[in-house]
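Below is one structure, written out as structure tokens; comments come after it.
The values are calculated or read from the model by the stated rules, or taken from the named source; none is laboratory data. Just so we're clear, the structure is a prediction, and the values are computed from it rather than from any experiment. We place every Cβ from the backbone using ideal geometry, glycine too, and count neighbours over all the protein chains shown. Ligands, DNA and RNA are stripped out before the accessible areas are found, and what is left, the full protein with its side chains, is counted by its heavy atoms. Shrake-Rupley method; radii C 1.70, N 1.55, O 1.52, S 1.80 Å.
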Amino acid sequence: MTLRAVGAKSSRSSRRTWSGAGGFSWVRRQRRLHGDNPLRVHAVIWEAALRQMIGGPQVMRQQLEHLCSLAEMPNADVQVLPFRAGVHSCGGGPFNILSFVESGALDVVHMDGLRSTNWVEGAEESAAYTELFARTCATSLSPYDLLRVMESIAEGMNE
């Protein structure tokens, strides 16, 4: 399965939602990035989410280091959607596209709202999100530029 994601949550605690399937979903997703047959992840993170100070400079530097280590994994691509890209098409908020390896399986789109979770499962609707993700990737910095951007952001936190 491939997970493509756009956006970022504002705090770690907001991701601690009970999955209903036996645990906190964010912990289970983290574990699936390692080991046999790991998930393939391609994430685009808006620059504002990387610069928003949450938890102080030390916590933010640890988060940036974690993202850099994730980006070094062979099954992960991490891109930054920079401010200079201007207004972007993802103004509706963060979303995840789940792609499955089974022949004929449709992509499924997942979006967390304030009070609900939305799933988009139709072929046309999920194709629209796939196109949106492709456009967002095209206007984002390449995964190779990630380290430079992260270093710049971390240096700014020392001031």
Just to be sure, is Gln62 surrounded by fewer than 17 Cβ atoms within 10 Å (Cβ to Cβ) and under 22 Å from Val27 (Cβ atoms)?
yes
Go through segment 116-159 and give me each residue that's in a helix (DSSP H, G or I), farther than 17 Å from Leu70 by Cβ and touching a residue at least 24 places away in the same chain (Cβ under 8 Å).
Ser126, Tyr129, Thr130, Leu132, Phe133, Arg135, Thr136, Thr139, Gly156
Considering only segment 68-99, state which residues are open to solvent by less than 30 Å² (accessible area, probe 1.4 Å), under 23 Å from Met111 (Cβ atoms) and either part of a helix (DSSP H, G or I) or free of Cβ contacts under 8 Å to residues at least 12 places away in the same chain (or both).
Leu70
Among Glu155, Glu159, Glu102, which is the only one that is at pLDDT 85 or above and open to solvent by 80 Å² or more (accessible area, probe 1.4 Å)?
Glu102
Sole residue being aromatic (Phe, Trp, Tyr), open to solvent by less than 70 Å² (accessible area, probe 1.4 Å) and under 21 Å from Asp77 (Cβ atoms), chosen from Tyr129, Tyr144
Tyr129
Just checking, how many residues over segment 113-126 are within 18 Å of the chain's Cα centre (by Cα) and open to solvent by 100 Å² or more (accessible area, probe 1.4 Å)?
2
